[in-house]
Amino acid sequence: MSAPFLSIIGIGEDGVAGLSEAAREAVRQASLVVGGARHLELARGLITGESEIWQRPIQASIPRILARRPQKVAVLASGDPFFHGVGPMLAEAVGAGGWRCMPQISSVALACARLGWAQNTIEVLSLCGPPIETLGRALFPQTQLLVLSADETTPAKVAAYLCTRGYGASEITLLEALGGPDERVRTTTADCWDLDRVHRLNLLAISLRGPVSAALVPGRGDAAFEHDGQITK
């Protein structure tokens, strides 16, 4: 069996220093390296072929990647590409035997390591695309959530949403640029949110404090629905 033409490589904020030698060599040998602008900059010293920033939507880059076969192609992604990443999309498009993955530690693993949280006891939600209301189904007192942010505006939106749902007392830890030189960890509550200059690369660790959510018990209160003041029971 021939070696896979596509290498899906996880890269962290520590850049090239955190890559294995096999991952570094895969980038060096690639005729095309695809990734976000930040990822390409982190690996710039290794890239000898062409480089290309993801098109929008990301799926639009798939034909370009497939067209290079059997030449070597490397895709750079954050942390573990198969954890809320591009891994599954690429694996399906390329097919069995055409790809290999070299993951790095995920931001979730780094966050749990900083906080002392057990990964197997928390729920992870992504707001990289889904609306803020996605959080609604996970609201339950004493629950611990890790929320992947879309950008630097997400944390304030999450704090405001929690307040509207009666979870203003929830403790929020903002973890920024984990694993890199700009890493920062700050903690406040949803109803006292005043953290500024938020790094674009961030995630939120939330310890929920509030009322029992309708998401995890039978039935929903009237306030969960749009109505004109009368609801047939």
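Is it the case that E123 is within 29 Å of Q104 (Cα to Cα), surrounded by fewer than 18 Cβ atoms within 10 Å (Cβ to Cβ) and among the acidic types (D, E)?
Values: within 29 Å of Q104 (Cα to Cα): yes; surrounded by fewer than 18 Cβ atoms within 10 Å (Cβ to Cβ): yes; among the acidic types (D, E): yes.
It is true that E123 is within 29 Å of Q104 (Cα to Cα), surrounded by fewer than 18 Cβ atoms within 10 Å (Cβ to Cβ) and among the acidic types (D, E).
In the stretch 173-199, which residues are over 17 Å from the mean Cα position of the chain (by Cα) and open to solvent by less than 20 Å² (accessible area, probe 1.4 Å)?
A190
A quick yes/no check of all residues on (1) closer than 20 Å to H84 by Cα; (2) without any contact (Cβ under 8 Å) to a residue 40 or more places away in the chain:
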| site | (1), (2) |
| --- | --- |
| N120 | yes, yes |
| L139 | no, no |
| L146 | yes, no |
| V185 | no, no |
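Of the residues that make up the stretch 13-31, is at least one touching a Lys or Arg at 6+ places or on another chain (Cβ under 9 Å), of a type outside the set (V, I, T), without any contact (Cβ under 8 Å) to a residue 12 or more places away in the chain and surrounded by fewer than 17 Cβ atoms within 10 Å (Cβ to Cβ)?
Within the stretch 13-31, not a single residue is touching a Lys or Arg at 6+ places or on another chain (Cβ under 9 Å), of a type outside the set (V, I, T), without any contact (Cβ under 8 Å) to a residue 12 or more places away in the chain and surrounded by fewer than 17 Cβ atoms within 10 Å (Cβ to Cβ).
How many residues does the stretch 70-117 hold that are open to solvent by less than 10 Å² (accessible area, probe 1.4 Å), over 18 Å from the mean Cα position of the chain (by Cα) and closer than 21 Å to G36 by Cα?
So the count comes out to 2.
Give just the number: which of (1) part of a loop (DSSP other than H, G, I, E, B); (2) at pLDDT below 95; (3) at negative phi does V198 not satisfy?
(2)
One residue is enough: does the stretch 13-23 have a residue meeting the conditions at positive phi, among the small types (G, A, S) and outside any loop (DSSP other than H, G, I, E, B)? First the steps, then the outcome.
The first filter runs over the stretch 13-23 and keeps only residues at positive phi, leaving 15.
Remaining after also requiring among the small types (G, A, S): 15.
Subset that is outside any loop (DSSP other than H, G, I, E, B): 15.
Yes, the stretch 13-23 has at least one match.
The values are calculated or read from the model by the stated rules, or taken from the named source; none is laboratory data. Bear in mind the structure is a predicted one, so any value in this text is a computation, not a measurement. Heads up, the Cβs are rebuilt from the backbone with ideal geometry, glycines too, and the neighbour counts pull from every protein chain shown. Keep in mind that these areas ignore ligands, DNA and RNA; they rest on the heavy atoms of the full protein, side chains included. Shrake-Rupley method; radii C 1.70, N 1.55, O 1.52, S 1.80 Å.
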